[in-house]
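As structure tokens, the structure follows; a few thoughts come after it.
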Amino acid sequence: MPFDANDPADPRSDSALLAAYGRGEQAAAAVLTARLAPRAYRLAARYLGDVAEAEDVAQEAMLRLWRAAPGWQADGPAQPATWLYRVVMNLCTDKRRRARPIAPLEAVPEPADPAPAAEARLHQQARAEALEAALATLPPRQRQAVILRHLEGLSNPEIAAAMEIGIEAVESLTARGKRALAAQLRPQQEALGHDTR
Amino acid sequence: MTPDKHASLRGNAPEEGALTPWFEAARADPPAPSSALMARILADAAAATPRPEAKPAAPARAGWLRWLGAVLAPGNALPTPAPLAAGLATALVLGMGLGFSLAPDAAARGVPGLGVAEAEAGAEDIMLSDLERALGALLAEG
């Protein structure tokens, strides 16, 4: 996923749009909302595992972005997406709880025996739920690094900027996080249609 | 073959491939914001849209102050010579008139560096001659 995707309807970068909004161009906010709000919500939802909490975090993060716009420099080094990810993670860390309990791995049911196409969809849904449950067991920083790297598609330098750590720290966090995930998910691999090798 | 202890940091560990299907499954069905949430975010943006600050209007000035400002402000067009000369002459006459009305008292107090008698006799002569010279110069310019 591109980090600063250009919308064919508006070719300006996220930084240029945010600076334009800071000068009073309200239309720029609509483009930025379409680009950045889904990312903020996805990260919050995957981290918190709760829809209502994720919506609160996403809305608050976007509101802080609007308030930061007047001082935003279009040609500065900061990127709105990086800045937004950082705010979302800080807000999620402040929450530190889940309103909806995540089902433990043992409770993830084996899929029934339906038609092949439907079976594939059920396996996929079950794998996603199992991964969500496993992610919830990781320490916060490992969870953030793994979500940003493997679910949001950020590069290690981008994650380092968002988490305000070095690139080597990012690599270490993601490596440790993936080792823990693999250990958590290995018992489920056979049940959910993966090879155990 | 000794295991490479840095393999995990470079992402070449065995779990890298084993987790791929799990990550693919999660990416295939990502959490999506509701339309209500998007509407709230847009409403926040509308409410927080910065307004350009209006420049405060310059206070209205009396006629003669506006004229003085036009004369003194750099780059502004000066009035035509005749009104300029007339205005300056008027101000000079008024100023001199005030000075004359006070001249006896001032002369009695003495001009610095002069005796009282010299001050009383010379102040009027100096003022009158200066006034004549100034008016003559202004009228010659006009």
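Taken together, the residues in the range B:22-53 that are polar (S, T, N, Q) and either closer than 30 Å to residue A:134 by Cβ or more than 7 Å from chain A (Cβ to nearest Cβ) (or both) amount to 2.
Close contacts from the range A:164-182, counting a first residue that is more than 7 Å from chain B (Cβ to nearest Cβ) and a second that is β-branched (Val, Ile, Thr) and crowded, with 18+ Cβ neighbours inside 10 Å, with Cβ to Cβ under 7 Å and a gap of 6+ residues or different chains, come to A:170/A:159; A:174/A:146; A:177/A:146. Please verify whether residue A:109 is closer than 29 Å to residue A:156 by Cα, exposed (fewer than 13 other Cβ atoms within 10 Å of the Cβ), out of contact with any helix residue (DSSP H, G or I) (no Cβ under 7 Å at 6 or more places or on another chain) and modelled with pLDDT under 90, treating the condition exactly as stated. Judged against the criteria, residue A:109 is not a match.
The values are calculated or read from the model by the stated rules, or taken from the named source; none is laboratory data. Not measured: the values here are computed from a predicted model. Because the Cβ atoms are built from the backbone with ideal geometry, glycine has one as well, and the counts that use them run over all protein chains shown.
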